[in-house]
Amino acid sequence: MYFRHSPDIWSDFPALVPGVLAVTGIHGNAAVDARITAFNNLAVEQLATSSESGFPEIQAWRRAFAQMGHKPTQYRSASESLLRRFRKEGSLPRIHPLIDLCNAISLAFAIPVAALDADRIADWVEVRYATGGESYASFSGDTEHPDAREVIFADSAGQAHARRWTNRQSALSAVRDTTSSVLIVAEALHESAPADIERLVATIAEEIATIWLVAPKTAILTRSTPQFEF
């Protein structure tokens, strides 16, 4: 299996910096409360000086959404949505230890982090423009079809594992109690993204290794080395 971005995405978004991790051995019985609190405290410190809309990480994704033809305040990156909810409510709902941890790290870094059940992926994942014929499983139980030219996470079976790039993931590959193998993707477009993504990937890998006692495979992708085998 592999993960990559299409040449068109690299061409249209040259500032893109993706970080990826793959790991097997995840389970739903891990204790992550202390780590979530630590990362949430970092988010609180950042939000004390500015709302999420002022963060360069969020501003870069807003510009990308506008470039894709989406109204940035209607369709937000996952990291902006999480920060917005956290700022208003003071916490995020608990879903699964890995998702809760990734969400907390996403808050701390203001960078979207997607976690996909790798066993639900057909052969590979490519971030590319949709043709309009792909299928997306929503969390409401409906099947949607992304618009042509919408950026999606697509696999070989024409399944869209995310819509509008970093806007929302699919229920099909959502991490659940039965999940063992996971693909984690973090993407950024802001000026300090190369250093920030490297730190974020290292942070996630260290947390996973400590909590689940497994060794993730990691990579930082570039236009010249765009593919991650897992």
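The values are calculated or read from the model by the stated rules, or taken from the named source; none is laboratory data. Remember, predicted model here, so these are calculated numbers, not experimental data. As a convention, Cβ positions derive from the backbone with ideal geometry for all residues, glycine included, and neighbour counts pool all protein chains shown.
The rows are residues; the columns are (1) touching a residue at least 40 places away in the same chain (Cβ under 8 Å); (2) under 26 Å from residue 191 (Cβ atoms); (3) crowded, with 22+ Cβ neighbours inside 10 Å; (4) of a type in the set (A, V, I, L, M, F, W, C).
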| site | (1), (2), (3), (4) |
| --- | --- |
| 80 | no, yes, yes, no |
| 89 | no, no, no, no |
| 110 | yes, yes, yes, yes |
| 116 | yes, no, yes, yes |
| 120 | yes, no, no, no |
| 124 | yes, no, no, yes |
| 146 | no, no, no, no |
| 152 | no, no, yes, yes |
| 158 | no, no, no, no |
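Within the stretch 33-65, the residues that satisfy the criterion of being within 15 Å of residue 105 (Cα to Cα) and among the polar types (S, T, N, Q) are 37, 40, 41, 46.
A single entry from 198, 187, 191 fulfils the requirement of being touching a strand residue (DSSP E or B) at 6+ places or on another chain (Cβ under 7 Å), at pLDDT 95 or above and surrounded by fewer than 21 Cβ atoms within 10 Å (Cβ to Cβ): 198. Number of residues in the stretch 7-39 that are among the aliphatic types (A, V, I, L, M) and either under 27 Å from residue 59 (Cα atoms) or in a strand (DSSP E or B) (or both): the value is 10. Contact annotation: residue pairs with Cβ atoms under 6 Å, 6 or more positions apart or on different chains, pairing a residue in the stretch 173-189 that is within 15 Å of residue 228 (Cα to Cα) with a partner that is aliphatic (A, V, I, L, M) and assigned to a loop (DSSP other than H, G, I, E, B), are 182/26; 186/111.
Condition test on residue 55, is it free of Cβ contacts under 8 Å to residues at least 60 places away in the same chain and either among the small types (Gly, Ala, Ser) or more than 24 Å from residue 152 (Cα to Cα) (or both)? Yes; evaluated as a whole, the condition is true for this residue.
Evaluating residue 98 against the criteria (1) of a type in the set (A, V, I, L, M); (2) touching a Gly at 6+ places or on another chain (Cβ under 9 Å); (3) surrounded by fewer than 17 Cβ atoms within 10 Å (Cβ to Cβ) leaves one unmet condition, (3). Cβ-Cβ distances below 7 Å connect the following pairs, each with a first residue in the stretch 204-224 that is under 24 Å from residue 193 (Cα atoms), a second residue that is among the aromatic types (Phe, Trp, Tyr) and not in a helix (DSSP H, G or I), and a separation of six or more residues or different chains: 217/230; 219/228; 221/228.
Based on what the data block shows, is residue 35 charged (D, E, K, R), under 19 Å from residue 103 (Cα atoms), in contact (Cβ under 8 Å) with a residue 40 or more places away in the chain and surrounded by fewer than 21 Cβ atoms within 10 Å (Cβ to Cβ)? Criteria met by residue 35.
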